[in-house]
Structure formats: C-alpha cells, structure tokens
Amino acid sequence: MEFFERFAVPHPSPAIYASMVAIGLTVIAIFAGLTYFKKWGFLWREWLTTVDHKRIGIMYLISAILMLFRGGADAIMMRAQLAAPENKLLDAQHYNEIFSTHGVVMILFMAMPFIIGLMNFVIPLQIGARDVAFPRLNALSFWLFFAGAMLFNISFVVGGSPDAGWTSYFPLAGNDFSQSVGTNYYMIAIQIAGLGTLMTGINFLATILKMRAPGMTLMKMPMFTWSAFIANIIIVFAFPVLTVALAMGTLDRLFGANFFTSNNGGMDMLWANLFWVWGHPEVYILILPAFGIYSEVISTFARRNLYGYKSMVGSMVIISVLSFVVWVHHFFTMGQGAFVNSIFSITTMAIAVPTGVKIFNWLFTLHKGKIVITTPMLYSLLFIPLFTIGGVTGVMLGMSAADYQYHNTMFLVAHFHMVIIPGVVFAMLAGLTYYWPKMFGFMLNERIGKWSAWTIGISTLVAFMPMFFSGLDGQARRMYTYSEASGFAIWNMISFIGAAGLAVGFALIVYNIYYSFRYASRDIGSDPWDARTLEWSTHTPVPEYNFAKIPQIDSVEPFWDQKKHGKKLFEGELEKIHMPNNSGIPFIMGILFFLWGFSFIFAMWIPVIIFTLAIFGCMAYQSFEKDHGRYIPLEEVEETENKLGGNR
Amino acid sequence: MKIDHSLPLEYSTEQNRLKILGFWIFLGAEIMLFATLFASYFVLVNGTGNGPSGAEIFEITPVLAETILLLTSSFTIGLAIHAMRLGNKKAMLVFFGITLVLGLAFLGVEIYEFVHYVHVGAGLQTSAFTAILLTTLGTHGAHVTFGLFWGLFILLQVKKNGLTPETTNKSFIFSLYWHFLDVVWIFIFSFVYLKGMM
C-alpha cells in the first residue's frame, strides 16, 4: 500500500472523488462501446495510425473542444466561488489549483491545438499541396501534444494539481512551497506537449517554404498561410526557451538543483524571465493565426479582396520581431528599475502600431464591400470592437509607471481575457464554422450559430468588463475570496452571470453540431460560402490526396479568378499519386511518452529508464524502417474524382 | 520517387530536399536552446553560493583533449561527406567510423571530467553555478551521445545499402548535426572554460 500512497490526492474533496468516478466510468464506457460496436480496427486503421493532415487536424480540433470544456468548468467554478463575498464553495488550495490549471489548459491545451488543428487542415489545401512536409512527424506532434494534455489532466485525481499559477513562478513553485507533485505535472506535461509543438513548427515552415503550388510566390500566399508561417517561425524560436526553463525547473524539483532557489546562488527571477521570453511570443503564436482566419473570413464575406495585403504581411513580421523584446512588461513591479522598465514600455506600446494597421485593414476591407452576415462573419465583426477594448487596456498596462497601480489586479485579468477571447476564441469559432463544411460535408445551422455568436459576444462583455472596474478598485487576482466591505461583490456577481452566459453560448455550439449533424443538407457542393482561395476549389469531402492535379497559381485569389474570370486552375492529365503510408509508431510513442512522463513525475526511476529506452527503441526502429510510401493507381484516382462530382 | 541527377545524391529527390531544409530549421531551434543555456549560464555564473567557482575546478588538460577530439571529428565527418560526394563508399565509411570513434573518445573524457567535478565537490546540487555548468555541458554531451547512436545506425545502413539517395541524405543531415555540435563546443570552450579560467 505504501507504494500507492504517493498517488493519493493531498487535498481531496467530494467533487474530486466524484470526478474520479466520472473519469473511470467514461473510460470504461469508451472501451466497452468500442468493443461492442467492433470499432477497434476502424479506430486503429483510420485514426490512430493516420498521417493524413486533415484527420490529424480534426483530432486536434476535437481535443481542443474537449479541453475548452475542461478549462471552462474551471472558469465556472472560479466565478461561482467569487460571485459572493466570503463564499465557502472552494477553499484557498482548491482555488489555487483551479486557476493554475485553467490557465495552462486554456492556453496550451485548448488555444494551441485549436490553432494547430486549423493549420493542419487548412494550410496544405490552401497552398495546393497533398500533405505536409513530414506527415509522420506531424502525427507524432499530435500524439505528443495529446499525451501531454492527458497527463496534465489526470493531475487533479492522481497526486494533486499544480497550484502555483499558470506562470508557475519560483520560489512558490519550488519544493519548499509546492510540496505535492502538482508542479511536476506542470513541468513534464508541458515539456512533452511543447516538443510536439516544436515539431509542428518545423514541419509547417518546411511545408510552406517548399510545397506551395507552382506559381504561388510568397506574396501570393493566402493570408492565413502567411499568418501561420510567421507563427511557426515564432514557435521555432520561442519553444526551445520553454524547453530549457522547464528542464531547469524539473532539475530543481526532482534533483535538488539550485537554479531558482533562494540560496546557493539560485535566482528566482531567471524563471520569470525565461518563462516570459517564451510566454510573450506564445501570445503572438496564438493571435497571428487568429488574425489570419479573420482576414480570410472578412475578405470572403465582404465579397472583395483583402485591403492592404502587403501591409498585413509587413505588420505581422514587425509583430513577430517585437514579440521577442517585450517580455519584461509581465513583471514591471519586480525590480528592474526605471530605465529597463521604460525601454520595455516603449517596445510594448510599439506593438499597438502594427496591430492597429491590421485593424484598419480589416475595416477598409469592409468599406465598400458587399457584406454578408454569416456566423463566421458575425464573430469577425464582434471581434473588432471587443478586441480593441482589450488592446487599448493593454497599452494602459504597458505604461510601466501606471502599471504599478493595476498590476496583478482583476484589471489585468480583464485585459488578457478581452484580447484572448475575442482575438483567439472568436477566431477559432469563426474558423471552425467556416471550415466545417469542408471538413464534414455539411454546414452548421446558421440560426443557432448566430444565436451562439451573439450569446458569446455579449457574455464576454458581461463577464469581463466588470473586472476592469473591480480591478481599478483594487481587487487582486488569484485571491479566493474578498470581504463584504470591499464592495467588489456586485462586480463579481455580474461577472458570474457573464460566465454562465458564456457556458450557454458554448452549449449552443454543441447543440448546433448535434442539430446540424442530424438535419443539415449534405448537398452543399464544394464551395458553400462562395469563397476565394484554393482550399475551396477541391471536392467536398476532400479526397485523401487533396488535389488530383496540382493547381497553377498566378494571383492571391486563384479560385476567385477561376470562378469569375474563367482562368484555368487545373491543367494536364490525371496521374498516379504518391502518398505516405500510415504508421503506428507515432501513437505508440505518444503512449510511451505518457508513461515516461507519469513515472518521471512520481520519481519512479526504473520505469523512467525502461520507457526512455523504449522511446529510443522506436526511433531506432524508424531509422532502419524502409518506407517509401505508396502510389494510388490512376484508375483509383479517376474513380474517386468521378464519384465526387467530376474531374476538375 | 523522381530522382534529379543534376544534383548531389543527398539533394536528388523532393523529399530529400525537404528533409535537409527541415533539419536546418531544427538547427535554428537548437541554436535557441543553447543560446538560452548560455544566457542562463552568464546570469548564474557568479551564483556559486558555498561551492567552488569555475576557476577553482576547471582543468585545462581534459578540456583541451576534448576540444581537439571534437574539432578533429568535425573535420573527418567533412571528409566522409566529401568521399560520399565522390561516390567512394569505402573511404566514406572509414572517415565516418573515425568520426564516431573520436566522438566516443570525447564522451569518455567528458565523463571523466564530470566524475572529477563531483569528486571535488561540484555536483548538480552544490550551487546554481554548478547546476547550470553541468546542465549546459550535459545537454551538449547528451547531444553527442545521441549522435553516436544515430551515426552508428546510419553507418550500418550505408554499409548494407550502399550510397543511395536515402542513405546519403541521412549521412549529410548527420554531418550538419555533428558540425553544429562542434560549433556549440567552440562557444563552450571560449565562454565557459577560457573565460572561467581567466
């Protein structure tokens, strides 16, 4: 029994025991269902071993939506706890764990896979490629992300959740102040998922640089591809910093090193610096692809080309550079002195300029456009004013002298939610709705979609605007309760109502998926939105090889030119098509990394060694494996093309 | 697989060119990894606590031996790739083998060096300085160790399958990796050891 005691939750509550039961039952139900319906083989062949970017993209999106609800449950619990003064729903320790996991889950396991999922699905289609540069590496990226996410998610029922905030500042996150294995989960789970993200970055850079259809020069790439390109450059340069920081944190916690301790020469501020050297660029990894989605959606539904293409690209390049030189603004009050703070204040406020350029470009795209209000467009139109509120308050926070007034208050919480929700989440919902027909062959119901967009838009304001006021009045973030006399109660009650509204909005989206799955028409053609770029020129559902013939590009909107000006997009004869083979290795490595991470977290060194060797064994196996892919024969290509509505 | 005969074998197919580009991007990420380690080293170099400083524990002899071994191995992997381009499989295998032997010798000296540090009371837990020193050196050493196995597998594949677009591609990418480790070592030699001993 002694062996198992380490897995006990140090600070249990009935809710956690209920979750344990629920998780157990869900796992049993999934296994039983798969066995009963004899779906194991299907699951293995079609999904677990797939290297198809479209399926990997869809798996990323499913994971992201699941994590959205996990993080959302955390959010509702926090808002419920704070809804009334001196509330007893959660105690301080639970509150700490919940705001820590809420942050990590939402940023790393919801927003990141959402974006990477859309990149996976859309980018090869947008550039006229048949897959990404390294399809098997892509599958490995997904399974590493998934292993990391699952590892992080079991923390609250096995051994305890991290409780030092999503920033996990030392010395609070050190062994002295965080004694449970929670912070080990943080260090290891994010490390595993981060490796996957780094591989994605490399993969997509190679894909975008080398695999564009003939004629598509860099300045003829669709805007989403451009934004993903820049975001992936940031990934490649920012994630190694996180890798090192997490490795140091692991060494401190599990091997007694002194990087971030308060004695033996350690320096806790080094963690804060390294974390934000990664953490601030991370924000732009999230927001730039979101901007790319808005550019696609706004241009499609304003029925005109994107205004200011070159300045859009230029401003993203400038943002990517500036993103690496602003990190100190996350801790102006932590002792750098006036000179350093002033420099970082200026670089921070400078980011508002290229961002402003982009906002005006979208407005000018709308100007003289024939605007069609669809659900994706509604999200985009809600984004512009709401995001501007978040952005302008960001400039307020960027002024270091003024920041002393509202740092670490609810004002900050309101600011970053007002940029991330309208910026990233609305974009992902817009992107999901926009690309849904391409993915699944039916459209999401527009009526329910607009209801959910309005509900989410208004609820965002209701949930987060009050925090600006309570924050300016001095309500600190990350405090599990406050007194009646503080006067914060009314603001927090309004916030709670907004949070409940957000929950209703997201529930409506789920209902919409169910409703549309049952009732929506399957006869929608391949271009239901009358769109402009290449991904809409292929069939729906998209055949495995994406394009039977590789398109010839000579403009930014080749598909629009084909539709309106009769330009030929696809020429030449059908040929046999070379495609990569499926592989079970990425999935197996994902499982091994999960087990490796789990053993590492609990410092069980013998399993760690075994799983390390097994992981290297998989890599050695891959090195010796001969896999030259396979050819889809011409007859099969012809048959597929005819079935899907004719050769293009 | 379309093979373009106007290019060297390792560049001859589309997939090969993709792999080489992808690896260069990966090296970009590796530069960031080591840059972060160096930056942290400079931050923590004076954080010696009650432990020794660099000047007290560094020994020039093993460090010089490691430097000579690794720099020579970088030269021999260059010769191996040159032989590969000329289509001389035997010479390539010999130089490739010498590279791995030199790498192994480097690793042996580095292990001796680590044992020495722990012996004189400069272990991972001693101070922030020793932690970042051993982590920086250890990350480089782990890369070399990984490279030894990886290189060995490639060597075996070249031996078995000859110089094909696939094996030459792997060998060329391995050479990029090996040169990169050499460059990192030059920075370690200059900014960790020489600066520490001055």
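With the cut-off at 1.5 for a/c, could you classify segment B:79-129 from its C-alpha gyration tensor as rounded, prolate or oblate? Because a/c hits 1.5 or more and a/b exceeds b/c, segment B:79-129 counts as prolate. For a paramagnetic label modelled on A:PHE3 (point 7 Å from Cα along Cα→Cβ), amide N atoms under 17 Å away belong, within segment A:604-636, to A:604-611.
Computed over neighbours whose Cβ is under 15 Å from that of A:TYR511, the net charge equals +2, Lys and Arg +1, Asp and Glu -1.
I'd like the FRET efficiency for B:PHE75 and B:ALA142, computed as 1/(1 + (r/R0)^6) with the beta carbon distance as r and R0 of 25 Å, rounded to 0.05.
Details: r = 23 Å, r/R0 = 0.91.
FRET efficiency, B:PHE75 to B:ALA142: 0.65.
Report the calculated FRET efficiency for A:ASP91 and B:ARG85 (r = Cβ-Cβ distance, R0 = 56 Å), to the nearest 0.05.
E between A:ASP91 and B:ARG85, to the nearest 0.05, is 0.25.
Can you give me the orientation-averaged projected area of the convex hull built on the Cα atoms of segment A:247-298, in nm²? Could the numbers behind the result be given before it?
Numbers: hull surface 17.4 nm².
Answer in nm², one decimal: 4.3.
In this simple spin-label approximation, A:TRP454 and A:THR333 carry label points 7 Å from Cα along the Cα→Cβ vector, and these lie 4.1 nm apart.
Taking every Cα-Cα distance in the protein assembly as shown and sorting them into 10 Å bins starting at zero, the pair-distance distribution P(r) comes out as 2, 12, 21, 25, 21, 13, 5, 1, 0 percent.
For a quick check: sort A:LEU43, A:LEU644 by the number of other beta carbons within 10 angstrom, fewest at the front. Each step should come with its number before you reach the end.
On the way: A:LEU43 11, A:LEU644 17.
In increasing order of surrounding Cβ atoms, one gets A:LEU43, A:LEU644.
With charges only on Cβ, +1 for K and R and -1 for D and E, what is the dipole size of segment A:8-262 about its Cα centre, in debye, rounded to 20? Don't jump to the answer; show the numbers that get you there.
Values: 14 positive and 10 negative charges, 227 e Å.
Once rounded to the nearest 20, the dipole reads 1080 debye.
The angle between the Cα long axis of helix B:60-85 and the longest principal axis of the Cα atoms of chain B comes to about 10 degrees, rounded to the nearest 10.
At the listed q of 0.10, 0.12, 0.18, 0.19 Å⁻¹, the Debye profile of segment A:169-307, built from one uniform point per Cα, gives log10 I(q)/I(0) equal to -0.47, -0.61, -0.97, -1.04. For segment A:38-145, the set of GluC sites (Glu not before Pro) satisfying both a DSSP loop assignment and a count of at most 14 other C-beta atoms within 10 Å is given as A:GLU86. Helix B:165-187 and the longest principal axis of the C-alpha atoms of chain B enclose an angle of approximately 20°.
Extension gain, A:ASN263-A:SER342: 0.36 nm per intervening residue step, less the Cα-Cα distance, totals 25.4 nm. Hydrophobic, long helices, defined as DSSP H runs whose alpha-carbon span along the helix axis is 24 Å or greater and whose mean Kyte-Doolittle value is at least 0.5, occur in chain A at A:14-36, A:53-82, A:135-153, A:182-210, A:223-255, A:268-301, A:375-398, A:446-472, A:489-519, A:605-624. D by Stokes-Einstein for segment A:128-227, Kirkwood Rh over Cα pairs, 10 °C, 1.306 mPa s: 100 µm²/s. Segment A:457-499: percent of C-alpha pairs farther apart than 14 Å? Pairs farther apart than 14 Å: 43 percent. Listed by Cβ neighbour count within 10 Å, with the fewest neighbours leading, B:SER74, A:SER495 appear as B:SER74, A:SER495.
Which semi-axis lengths, in whole Å and largest first, follow from the square roots of five times the eigenvalues of the Cα gyration tensor of segment A:409-548?
Values: eigenvalues 333, 49, 20 Å².
Output for segment A:409-548: semi-axes of 41, 16, 10 Å.
All other residues with a Cβ under 14 Å from the Cβ of A:ILE202 taken together, and with Lys, Arg as +1 and Asp, Glu as -1, what is their net charge?
Working: positive: A:ARG136, A:LYS210, B:LYS19; negative: B:GLU30.
Its environment carries a net charge of +2.
For segment B:44-198, the Kirkwood estimate of the hydrodynamic radius, built from every pair of different alpha carbons, is 16.5 Å.
Once every DSSP H run of n ≥ 4 in the protein assembly as shown is given -39500 (n - 2.57) and the sum is divided by its residues, what mean residue ellipticity at 222 nm do you get, rounded to the nearest 500 deg cm²/dmol?
Working: 28 runs with 561 residues, N = 846.
-23000 deg cm²/dmol, from helical runs alone.
Quick one: length gained pulling A:ILE609 to A:LYS643 fully straight, 0.36 nm per residue minus the C-alpha distance?
On the way: separation 34, 0.36 × 34 = 12.24 nm, distance 5.17 nm.
Here the segment from A:ILE609 to A:LYS643 would lengthen by 7.1 nm.
For A:LYS450, a cut-off of 23 angstrom between C-alpha atoms picks up these lysines, skipping any fewer than 8 places away in its own chain: A:LYS370, A:LYS438. Under 5 Å between amide hydrogens, built in the peptide plane, is the criterion, and for A:ILE577 it picks out A:ILE632 among residues at least 5 positions away or on other chains.
Please sort by residue number the trypsin sites (Lys or Arg not before Pro) in segment A:342-417 whose DSSP state is loop and whose Cβ has at most 12 other Cβ atoms within 10 Å.
Numbers: sites: A:LYS358, A:LYS368, A:LYS370; in loops: A:LYS368, A:LYS370.
For trypsin sites (Lys or Arg not before Pro) across segment A:342-417 that sit outside H, G, I, E and B with at most 12 neighbouring Cβ atoms in 10 Å, the list reads A:LYS368, A:LYS370.
Legend: translational diffusion of segment A:8-262 by Stokes-Einstein, Rh = Kirkwood radius over C-alpha pairs, 25 °C, 0.890 mPa s; D = 123 µm²/s. Overall, the ratio between the Cα radius of gyration of segment A:316-424 and 2.2 N^0.38 Å, rounded to two decimals, is 1.21. Relative to the 2.2 N^0.38 Å rule of thumb, segment A:34-110 has a C-alpha radius of gyration ratio of 1.59. The separation of segment A:410-484 from segment B:143-178, counted between C-alpha centres, amounts to 50 Å. Taken over the alpha carbons of segment A:278-375 as equal point scatterers, the Debye sum produces base-10 log I(q)/I(0) values at 0.16, 0.18, 0.24 Å⁻¹ of -0.71, -0.83, -1.17.
Read the figures in this text as sums done on the coordinates, not as results from a lab. Note that the structure is a prediction, hence the values are computed from the model and not measured. Here Cβ is always computed from backbone atoms with ideal geometry, including for glycine, and neighbour counts include all displayed protein chains.
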